[in-house]
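Written below as structure tokens is the structure these notes are about.
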Amino acid sequence: MTTVLLVDDEKLVLRSLEKTLLRAGFDVLTAGDCPGGWEIFQANSERVDLAILDLNMPGFKSLPKPEAGLDLLQRIMEARPELPAIILTAYDEVAKAREAVEGGARAYFVKGREQGLVELIREILAK
């Protein structure tokens, strides 16, 4: 079974995405901030097949930080450079998309289109 690490500080978004991914047949590990996401990743790094990280959430000092998801992405990429990752955001910003991809993410996805996210995950994992 494919295991997805899902990190988002918005509880409703996290729960909704988790349900969508579970229904699509994925095993899902969740966290609500960078420290939690990093801890879960470290404890399960060998079984995580893909990471989905919110762009804007509390950072490693547990304070809100714009683009904290890129900090978590950097740590994960240092540990497992081959791991596919998707950056989630509520805003469609081309510059941030470019920065996320340059930082190692395979894709950048705007929240609110859950079925599109499942299709994107399947596309990335098929490569």
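The values are calculated or read from the model by the stated rules, or taken from the named source; none is laboratory data. In this text, all values refer to a predicted model and were calculated from it rather than measured experimentally. Heads up, the Cβs are rebuilt from the backbone with ideal geometry, glycines too, and the neighbour counts pull from every protein chain shown.
Quick check on this structure: which one of Leu83, Leu125 is in contact (Cβ under 8 Å) with a residue 12 or more places away in the chain and assigned to a loop (DSSP other than H, G, I, E, B)?
Details: Leu125 fails: assigned to a loop (DSSP other than H, G, I, E, B).
Checking each option against the conditions leaves just Leu83.
Being modelled with pLDDT under 95 and either buried (at least 22 other Cβ atoms within 10 Å of the Cβ) or touching a Lys or Arg at 6+ places or on another chain (Cβ under 8 Å) (or both) is the filter here; which residues of region 9-31 pass it?
Val13
Considering only residues of region 6-41 that are in a strand (DSSP E or B) and either without any contact (Cβ under 8 Å) to a residue 60 or more places away in the chain or not hydrophobic (A, V, I, L, M, F, W, C) (or both), which is nearest to Ala85 (Cα to Cα)?
That would be Leu6.
Determine whether region 55-78 contains at least one residue that is touching a residue at least 40 places away in the same chain (Cβ under 8 Å), out of contact with any Pro (no Cβ under 6 Å at 6 or more places or on another chain) and of a type in the set (Gly, Ala, Ser).
Looking for residues that are touching a residue at least 40 places away in the same chain (Cβ under 8 Å), out of contact with any Pro (no Cβ under 6 Å at 6 or more places or on another chain) and of a type in the set (Gly, Ala, Ser), one finds at least one in region 55-78, hence yes.
Tell me whether region 94-114 contains one or more residues that are charged (D, E, K, R), touching a residue at least 60 places away in the same chain (Cβ under 8 Å), in contact with a strand residue (DSSP E or B) (Cβ under 7 Å, 6 or more places away or on another chain) and not in a helix (DSSP H, G or I). Write out each step before concluding.
Pass one, region 94-114, residues charged (D, E, K, R): 96, 98-99, 102, 106, 111, 113-114.
Filter once more, keeping what is touching a residue at least 60 places away in the same chain (Cβ under 8 Å): 111, 114.
Cutting the leftovers down to in contact with a strand residue (DSSP E or B) (Cβ under 7 Å, 6 or more places away or on another chain) gives us 111.
Narrowing further to those that are not in a helix (DSSP H, G or I): 111.
For region 94-114, residues charged (D, E, K, R), touching a residue at least 60 places away in the same chain (Cβ under 8 Å), in contact with a strand residue (DSSP E or B) (Cβ under 7 Å, 6 or more places away or on another chain) and not in a helix (DSSP H, G or I): present.
Please count how many residues of region 42-55 are modelled with pLDDT of 95 or more and outside any loop (DSSP other than H, G, I, E, B).
Of the residues in that region, 7 qualify.
If I filter region 56-71 down to residues being touching an Asp or Glu at 6+ places or on another chain (Cβ under 9 Å) and not in a loop (DSSP other than H, G, I, E, B), which single residue comes out as surrounded by the fewest Cβ atoms within 10 Å (Cβ to Cβ)?
Our first condition is that a residue be touching an Asp or Glu at 6+ places or on another chain (Cβ under 9 Å); within region 56-71, this holds for 56-60, 62, 64-65, 67-70.
So of that shortlist, the ones also not in a loop (DSSP other than H, G, I, E, B) come out as 57-58, 64-65, 68-70.
Details: Met57: 25, Pro58: 17, Pro64: 12, Lys65: 17, Ala68: 25, Gly69: 30, Leu70: 21.
This residue is Pro64.
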